[in-house]
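The next block holds one structure in the form of structure tokens; read it before the comments.
The values are calculated or read from the model by the stated rules, or taken from the named source; none is laboratory data. Note that the coordinates shown come from a computational prediction; the quantities given were computed from them, not determined experimentally. Here the Cβ positions follow ideal geometry from the backbone for every residue, glycine too, while neighbour counts run over all protein chains shown.
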Amino acid sequence: MKFCEIGVYHHDCWFTDAITQFPTLQVKELSGRTVSGNSKSRIVKGLYRLISPESEMFRNFVRHIGRSGKVLEITPIEMGNDPLVHVTWKAPVTSYDAVLQSGCVISSPCYSRDGYEGYKIFAQEPNNIKKLLSELEQIGEVKMFATKNCQTKFSKNSKFSLTKKQKQAVASAISLGYYEWPKKVNLEELAGRLGVKRRALQENLRKAEAKILPNLLDELTND
């Protein structure tokens, strides 16, 4: 398993443009995006947290996005030190799409870092990372912030015998806090971030747990 933190400078994207104009402002996507329409007139919606901005900076940020011509609607949801904004825009393709379709496991929502759209991902197969980087380079400039090999029980010779989709479901659920208490994400939010249907994700988690738990029980009873 390989971990990578990747940055994308997405040309002609409101998010990249905004975080470039406001480099000291931290912006983090919170929700799984919703998408409607066809490939030519696709509407995308997302929820974003602005980390500890000054009130004037927040107003300027919202004003800048609204005037960019790339955003259809921006709505402040929650004010305070770390306000929330809901953004609606048109986008035939996004870097988020490329990450979700790469076969990699996304372990964080999109966030700003040094003027780039940042993603943290895990990949079982190195070729998935190469494929993702190639696709992202069609969108804009790509920067590798970090990469490292990780120890994992989900190897090719894993005794759990999980399918690729089951591995992705469990790894994402663990990394995004689905199994923590209180949960950091619920099933609906997890499915949204992975770009899959809730029922399909629930089934993959159920089957994976059915394979993993008996093996853990054997280890516990043999101690």
Reported set for the range 88-97 where residues are touching a helix residue (DSSP H, G or I) at 6+ places or on another chain (Cβ under 8 Å) and crowded, with 22+ Cβ neighbours inside 10 Å is Ser95
Looking at the range 1-108, what helices (runs of 4 or more DSSP H) fall wholly within it and have at least 2 residues that are outside the structural domain of Lys197 (by TED's automatic domain parsing) and hydroxyl-bearing (Ser, Thr, Tyr)? 14-21, 95-100
In the range 5-45, anything of a type in the set (Ser, Thr, Tyr) and touching a residue at least 60 places away in the same chain (Cβ under 8 Å) is listed as Tyr9, Thr16, Thr20, Ser31, Thr34
Scanning the range 136-181 residue by residue, the ones that are of a type outside the set (Ser, Thr, Tyr), assigned to a helix (DSSP H, G or I) and modelled with pLDDT under 90 total 10
Pull out all pairs, ordered by first then second residue, where Cβ-Cβ is under 7 Å, the residues are six or more apart or on different chains, the first lies in the range 183-208 and is outside the structural domain of Leu30 (by TED's automatic domain parsing), and the second is assigned to a helix (DSSP H, G or I) and of a type in the set (S, T, N, Q). Leu187/Gln202; Leu190/Ser172; Leu194/Ser172; Asn204/Gln166; Lys207/Gln166; Ala208/Gln166
Please go through the range 18-37 and give me each residue that is crowded, with 17+ Cβ neighbours inside 10 Å, of a type outside the set (Gly, Ala, Ser) and over 20 Å from Gly192 (Cβ atoms), ordered by number. Ile19, Phe22, Leu25
Has the range 103-111 got any residue that is under 24 Å from Gly46 (Cβ atoms), at pLDDT 90 or above and more than 13 Å from the chain's Cα centre (by Cα)? no
